[in-house]
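Q: Structure in structure tokens, see below.
Derivation of every value follows stated rules applied to the coordinates shown; laboratory data play no part. Not measured: the values here are computed from a predicted model. So basically every Cβ, Gly included, is an ideal-geometry build from the backbone, and we count neighbours across all protein chains shown.
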Amino acid sequence: MTIYSSHIAVAVALPVEGSYTYGVPDALAPLATPGKRVLVPFGRRRVTGYVLGETVPSGGYAVKRILDVLDPVPLFPPEMIPFFKWVADYYMHPLGEVIQCALPGGLNVYDRLTVSATPGGLTVFEAGGRDLTPLEREVMTRLKSGPCRLKDLRERRVPAALVQTLEDRGWLVREAVLQGGVARPRMERFAARGDGTPPASLSRARRDILALLESCEEMSISDIKAQVPTAPRLVRAMVEQGLVRVYEKQVYRDPFGEPIPPDTPRTLNPEQAGVVAEVDAVTGKGFCPFLLAGVTGSGKTEVYLHLARKVMEKGLPVLVLVPEIALISQMERRFRARFGEAVAVLHSGLSAGERLDQWQRILNREAAVVIGARSAVFAPLDHIGLVIVDEEHDTSYKQGADLLYNARDIAVVRAKLSDAVVILGSATPSVHTCYNVRTGKFRELRIRRRVASRPLPEITVVDLKKVADTRGARRFITPPLHAAMTAALERKEQVLLFLNRRGFASFPVCAACGEALRCVHCDITLTYHRLAGVYRCHYCGYTRKAPCDCPACGPAPIKLLGMGTEKVEAAVKALFPDARVARMDRDTTTRKGSVVRILKSLRKGAVDVLVGTQMVAKGHDFPNITVVGVICADLSLSFPDFRAGERTFQLLAQVAGRAGRGDAPGRMILQTFTPDHFSIVAATRQDYEAFYKVEIGFRRALGYPPVSRIIQLRISGVDPEATRETAEALGSVCRELLQQEAVYRKWVTLLGPVEASIQKIAGRYRWQMLVKGLRIGPLRRFVRAVSSAAPNLFRHPGVRVVIDVDPYFLS
């Protein structure tokens, strides 16, 4: 057995718990430092691992050695390792996959098993020397065209035993091919002045090149070529003469686009100045969490900018989170105008190369401010001074796949581990954060007035039940809304129309039999998208070309009931033919840069009416929008979720805040079928305290968060019977454990298993269970005990069980 002088703990990028101990050969020992990737053997494969630090083998097993160190410098500071471990433990997710989720994509390398035919196998197959079964012939036919992944054969339902049989015959061979690592730094050739003396007979073009290099320390070959077209050929000869030095250098891809003119800090009003002074007094003195509750248009961003300046002057970096990419553009512009090149961005809209470049800028401490969506919470910052979570109430901070973290919550944890100040900002704080203020966990800061004492918008409520018999566009663009839009457009002001549903018609039904057009993969109705000419499922993406026959009774006209942003856009164009209308929803913002283009058009006054979903309700600041119309305020109230009232209040209060942010007063026309619902009443009065008082009463009575804590177990599978049986078996294990352990009976309440409210999505049948209690610790211990007692249920080949700690969506 080989004895190694040093051993390291490695988290591998696979769905396995904890870390593993590897030996380090002496030649690699100086390189294998925490934060770097290493290539390690794992079973029969080679995979990427992340060095966590030195360790001591526990004994009783043969220690394998690392094969290579993949990075010249660490990809994340050692300070982040306790943070990664906390996230992995809290969300019950493999540590290696947590780190993989945090890092820029496309870095890791791994073995991919491939299968290829041997020359002898091809000879036998082509000669037809022995009788082949149909499946054997299919495999050899596929391999005749070249190697393929072993996974591809399995997807064709080729048994592993057959692959082994053909390998034993010598007809095929399995190989592990190292793949991955597609994201790499961008390298570019640069030139600098050499030590050689130029001859007297130097050509004009070569003199121009030397003049360029003498005017600056270095210059890229591409920039030289822009001024001297023959430069690449001439530079090669000048290198031989010693006149020029050429070398490669990493350059950063630019994710920003157009330059931003610098601005000057604005004078703070007394409320803003008081907030800055209170936060500055505790910065650098340990962890301190704040809720900044400021009404819409109160200038929270300017407060962030002043605080960032003060923190940066102390030599500490700043992390700023916003809920969606649509808001990054606005926040990025404000921070770049103030801090220039000191700003980096991290979000999913960047290419793999751009994200890697931004990551390295942060690692190299070339950026003191990082702005991004939820994944930016993992930015490789060292000794953070300030963490800002803007629009902290937004559900977009909750990750919906793989590692199911809440960026707002772990931003607070990261600040705590870094002894930093954290500010959660919102005009409509989440009930969870407000509860933390009421229980003394957070400190509250308030800004009660808008900038320049601008008034909050006047809100008019329209009862849609009174216009239910109206036909055409006036059914959803009611007379009060139409009049307000007309007046605003005549004054050359802008209008925002909000409807949280995209598409043209949300409920297409057969005119003959009344059957709805439904998705074949999901238990949901299709939505008609007129511009695309399709009926589309908003859950799995399934489409049917329009027009189409009724699936129940054949050829029959389809009635397009319901509405979406497409229908509203068409109605506005018909009612206001001279208005310039734009739409902002997921259908119009899929292409890179599309969000920025729409917002830029709005900012420049090239759009008169903007129609959009919830992405237009969040944090945007356009002074010329004076009228906001809410087409139907009740859509979010219909969700089968205890947070439905909270989301409705937040959406309505936020969208109202888009009006009247300039010199002209604002107005909102709020259309609803339930004008007496407490969430809508509170939103019309902009009265968060009244909303919170009623909402927290409901939560206490029902025992729902934030008064209690929840872990959701989601069970899904393609076979409805296997899914049901797994869910019921999991429920039996949970109930048995509760009966056996008194400590769990004290702290744990079990709800379910039951079928999910949407029983099938993307071809998978869905069940769920809720594990509920007053404290999260016993709940997590209970779920771990269940997974240990029945590991076969969590590793069922055809059924997936997902653990979601602090779920946000229960449908």
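Q: Which value in nm describes the separation of the simple spin-label points at GLN759 and LEU561, placed 7 Å from the Cα toward the beta carbon?
A: According to this spin-label approximation, the distance is 2.0 nm.
Q: Rounded to two decimals, what ratio of Rg to Rh does segment 186-251 give with C-alpha atoms and a Kirkwood Rh?
A: A ratio of 0.94.
Q: Amide H neighbours of VAL611 under 5 Å, counting only residues 5+ apart in sequence or on other chains, H built in-plane at 1.01 Å?
A: HN-HN under 5 Å from VAL611: LEU497, ALA582, ARG583, MET584.
Q: Further question: Sequence gap at least 6, Cα distance under 8 Å: using those rules, report the relative contact order of the chain to the nearest whole percent. Present the calculation step by step, with values, prior to reporting the outcome.
A: Values: 1553 pairs, mean separation 74.6, N = 811.
Relative contact order for the chain comes out at 9 percent.
Q: Rg (Å, one decimal) plus Dmax (Å, integer) for the alpha carbons of segment 270-450?
A: According to the Cα coordinates of segment 270-450, Rg and Dmax are 15.1, 45 Å.
Q: Would you kindly derive the ³J(HN,Hα) couplings of segment 41-54 from the backbone phi angles with the Karplus curve 6.51 cos²θ - 1.76 cosθ + 1.60 (θ = phi - 60°), listing them in order in whole Hz, with x for Gly and Pro?
A: Those phi angles translate into x, 9, x, 8, 10, 10, 9, 7, x, 10, 6, 9, x, 6 Hz.
Q: Convex hull over the Cα atoms of segment 640-687, averaged projected area in nm²?
A: Taking the Cα atoms of segment 640-687, their convex hull projects to 3.7 nm² on average.
Q: Which Rg and Dmax, in Å, describe the Cα atoms of segment 505-562?
A: Gyration radius and largest Cα-Cα distance of segment 505-562: 10.2, 28 Å.
Q: Please figure out what share of the DSSP beta bridges in the chain is antiparallel and state it in percent, rounded to the nearest 5.
A: 60
Q: So, one more: Label-point separation (nm) for ARG795 and ARG189, each offset 7 Å from Cα along Cα-to-Cβ?
A: 5.4
Q: Here is a further query. Compute the projected area of the convex hull of the Cα atoms of segment 669-731, averaged over all viewing directions, and report it in nm² to one decimal place.
A: So the Cα hull casts an average projection of 7.6 nm².
Q: Now a separate question. Take every Cα pair under 8 Å in segment 22-170 that's 6+ residues apart, average their separations, divide by the length, and report that relative contact order as a whole percent. All intermediate terms of the calculation are to be shown ahead of the outcome.
A: On the way: 153 pairs, mean separation 29.5, N = 149.
Result for segment 22-170 is 20 percent.
Q: How much of the pair distance distribution for segment 333-399 lies past 16 Å, counting alpha-carbon pairs only, in percent?
A: On the way: 1084 of 2211 pairs.
Cα-Cα pairs in segment 333-399 separated by more than 16 Å: 49 percent.
Q: Please turn the phi angles of segment 430-435 into ³J(HN,Hα) values with the Karplus equation 6.51 cos²θ - 1.76 cosθ + 1.60 (θ = phi - 60°), one per residue in order, whole Hz, x for glycine and proline.
A: Using θ = phi - 60°, the values come out as 5, 4, 4, 5, 4, 4 Hz.
Q: For the pairs LYS85/LYS441; LYS300/LYS398; LYS310/LYS693; LYS310/LYS772; LYS36/LYS416, flag any whose C-alpha to C-alpha distance is greater than 31 Å.
A: From LYS85/LYS441; LYS300/LYS398; LYS310/LYS693; LYS310/LYS772; LYS36/LYS416, over 31 Å: LYS310/LYS693; LYS310/LYS772.
Q: Moving on to the next point. Quick check: net charge around ALA644, other residues with Cβ under 11 Å of its Cβ, Lys/Arg +1 and Asp/Glu -1?
A: On the way: positive: ARG643, ARG647; negative: ASP634, ASP641, GLU646, GLU695.
Counting the neighbours of ALA644, the net charge comes to -2.
Q: Rg/Rh for segment 381-445 to two decimals, with Rh computed the Kirkwood way over all alpha-carbon pairs.
A: With Rh from the inverse mean 1/r over Cα pairs, Rg/Rh is 0.97.
Q: Per residue, how big is the convex hull around the C-alpha atoms of the chain? Give it to me in cubic angstrom, could you? Don't jump to the answer; show the numbers that get you there.
A: On the way: hull volume 202.3 nm³, N = 811.
Given the Cα convex hull of the chain, per-residue volume reads 249 Å³.
Q: Report, to one decimal in Å, the Kirkwood hydrodynamic radius for segment 709-805 based on all distinct Cα pairs.
A: The Cα-based Kirkwood calculation yields 13.3 Å.
Q: Let me ask another. Which whole-Hz couplings ³J(HN,Hα) result when phi for each residue of segment 502-515 is put into the Karplus expression 6.51 cos²θ - 1.76 cosθ + 1.60, θ = phi - 60°, listed in order with x for Gly and Pro?
A: Going residue by residue, I get 8, x, 9, 9, 8, 9, x, 10, 6, 5, 8, 10, x, 6 Hz, with x marking Gly and Pro.
Q: Can you pull the Rg over Rh of segment 111-180, Cα-only, Kirkwood?
A: Details: Rg = 11.6 Å, Rh = 12.2 Å.
Across segment 111-180, the Cα-based Rg/Rh ratio is 0.95.
Q: Based on the alpha carbon coordinates of segment 6-103, what radius of gyration and maximum Cα-Cα distance (Dmax) apply, in Å?
A: For segment 6-103, the Cα radius of gyration and maximum Cα-Cα distance read 12.5, 37 Å.
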